[in-house]
Amino acid sequence: MALGGTLLAHSPIVISRLRKESGFSALELLVVVAIVASMAAIGIPLSTGMIDDIKLRGDAQGLSAAVAQTKLTASAKFTHARLFVNMAAGTFRIQTWNRAGTPGWVNAADDIRLSDRSAFGFGPATAPPPNTQATLAQAPACRDDSDAAITGTACFIFNSRGISVLSTGPPATTQALYLNGPSGVFAIILGSTGQLQLWRTTQTGANSWRQK
């Protein structure tokens with residue numbers, strides 16, 4: 001029995017089984033950990049950049065949709081409506097002019113906030129999109145009920161016929177709102193005819209504008 005046991009213990013089948021049951025070696029585990037760490041180091045920055053780009057794109061599309069909604073609100077309520085942009089806080093909301101009782105601007109919707117890495121501003125851009133503004137500029141500042149300019153704000157205003165106007169009443173020329181993030185700069189352009197355009201440029205090619 002002892003001899004048989006010795007032969008059995010040293011047979012190829014038993015040795016192979018023992019090797020399989022022994023699991024991974026420390027060296028093999030270190031190699032696997034190194035590969036996973038390398039993939040994570042490459043993948044995390046790419047994922048972060050993609051997420052930032054999706055957020056910025058969503059902010060730009062949401063802002064553009066809010067401009068269109070402001071125009072519809074002015075016509076539907078037969079009064080002036082404006083998109084009130086608080087550039088410092090990174091928020092925007094639709095307001096309407098209250099004709100009944102005490103005249104003044106009232107909120108028609110709650111504030112909408114830009115995502116955490118988006119902000120109102122030109123970023124690296126030094127020139128506006130082609131055939132839009134003469135010079136790079138945000139829309140005019142909003143004004144309070146006593147007609148005083150509100151610092152750090154910008155407004156698109158529409159009259160009851162859905163025409164873009166200035167706070168003083170006459171039709172507005174081409175205006176714009178700019179926002180930027182890690183992946184680029186967006187421009188929401190409102191033409192004098194009411195046409196709405198969305199433009200984008202990258203952070204590396206600051207004035208390589210492309211219409212979206």
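Among all residue pairs at least 6 apart or on different chains, which show Cβ distances below 7 Å where the first residue, located in the stretch 94-118, is farther than 23 Å from Asp147 by Cβ and the second is of a type in the set (Phe, Trp, Tyr)?
Hits for this filter: Ile112/Phe92.
Taking only pairs six or more apart or across chains, which ones have beta-carbon atoms under 7 Å, a first residue in the stretch 140-160 that is in contact (Cβ under 8 Å) with a residue 40 or more places away in the chain and at positive phi, and a second residue that is part of a strand (DSSP E or B) and surrounded by 15 or more Cβ atoms within 10 Å (Cβ to Cβ)?
The qualifying pairs are Gly152/Asn86.
Determine, yes or no, whether Gly123 is in contact (Cβ under 8 Å) with a residue 24 or more places away in the chain, at positive phi, out of contact with any Leu (no Cβ under 7 Å at 6 or more places or on another chain) and assigned to a loop (DSSP other than H, G, I, E, B). Give the derivation first.
Working: in contact (Cβ under 8 Å) with a residue 24 or more places away in the chain: yes; at positive phi: yes; out of contact with any Leu (no Cβ under 7 Å at 6 or more places or on another chain): yes; assigned to a loop (DSSP other than H, G, I, E, B): yes.
It is true that Gly123 is in contact (Cβ under 8 Å) with a residue 24 or more places away in the chain, at positive phi, out of contact with any Leu (no Cβ under 7 Å at 6 or more places or on another chain) and assigned to a loop (DSSP other than H, G, I, E, B).
Filter the stretch 154-176 down to the residues that are under 16 Å from His80 (Cβ atoms) and of a type in the set (S, T, N, Q), then identify the one that is surrounded by the most Cβ atoms within 10 Å (Cβ to Cβ).
Ser164
What tally of residues in the stretch 151-209 results from selecting those that are out of contact with any strand residue (DSSP E or B) (no Cβ under 7 Å at 6 or more places or on another chain) and of a type in the set (Val, Ile, Thr)?
Of the residues in the stretch 151-209, 5 are out of contact with any strand residue (DSSP E or B) (no Cβ under 7 Å at 6 or more places or on another chain) and of a type in the set (Val, Ile, Thr).
Listed here are the residues, each with its yes/no results for (1) closer than 21 Å to Ile163 by Cα; (2) in contact with a Gly (Cβ under 8 Å, 6 or more places away or on another chain).
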position: Lys77; (1), (2): yes, no
position: Leu83; (1), (2): yes, no
position: Ala108; (1), (2): yes, no
position: Ile112; (1), (2): no, yes
position: Pro128; (1), (2): no, no
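Can you name the number of the only condition in (1) at pLDDT 95 or above; (2) more than 18 Å from Ser64 (Cβ to Cβ) that Thr91 fails?
Among (1) at pLDDT 95 or above; (2) more than 18 Å from Ser64 (Cβ to Cβ), Thr91 violates only (2).
In the stretch 47-73, how many are at pLDDT below 95 and either more than 15 Å from the chain's Cα centre (by Cα) or among the hydroxyl-bearing types (Ser, Thr, Tyr) (or both)?
2
Looking only at the stretch 80-97, which residues are crowded, with 18+ Cβ neighbours inside 10 Å and of a type in the set (Val, Ile, Thr)?
If the condition is that a residue be crowded, with 18+ Cβ neighbours inside 10 Å and of a type in the set (Val, Ile, Thr), then Val85, Ile94, Thr96 are the ones that fit.
Quick one: Ala139 ticks every box in (1) among the hydrophobic types (A, V, I, L, M, F, W, C); (2) over 17 Å from Ala81 (Cα atoms); (3) in a loop (DSSP other than H, G, I, E, B); (4) at pLDDT 95 or above bar one, so which box is it?
Looking at each condition in turn, Ala139 falls short on (2).
How many residues does the stretch 124-142 contain that are surrounded by 18 or more Cβ atoms within 10 Å (Cβ to Cβ) and not polar (S, T, N, Q)?
5
From the list Ser183, Ser167, exactly one residue is polar (S, T, N, Q), more than 18 Å from Ala89 (Cα to Cα) and touching a residue at least 60 places away in the same chain (Cβ under 8 Å). Which is it? Break it down stepwise before answering.
Numbers: Ser167 fails: touching a residue at least 60 places away in the same chain (Cβ under 8 Å).
So the residue among Ser183, Ser167 that is polar (S, T, N, Q), more than 18 Å from Ala89 (Cα to Cα) and touching a residue at least 60 places away in the same chain (Cβ under 8 Å) is Ser183.
The values are calculated or read from the model by the stated rules, or taken from the named source; none is laboratory data. Note that the coordinates shown come from a computational prediction; the quantities given were computed from them, not determined experimentally. Cβ coordinates were reconstructed from backbone atoms using ideal geometry, including for glycine residues, and neighbour counts include every protein chain displayed.
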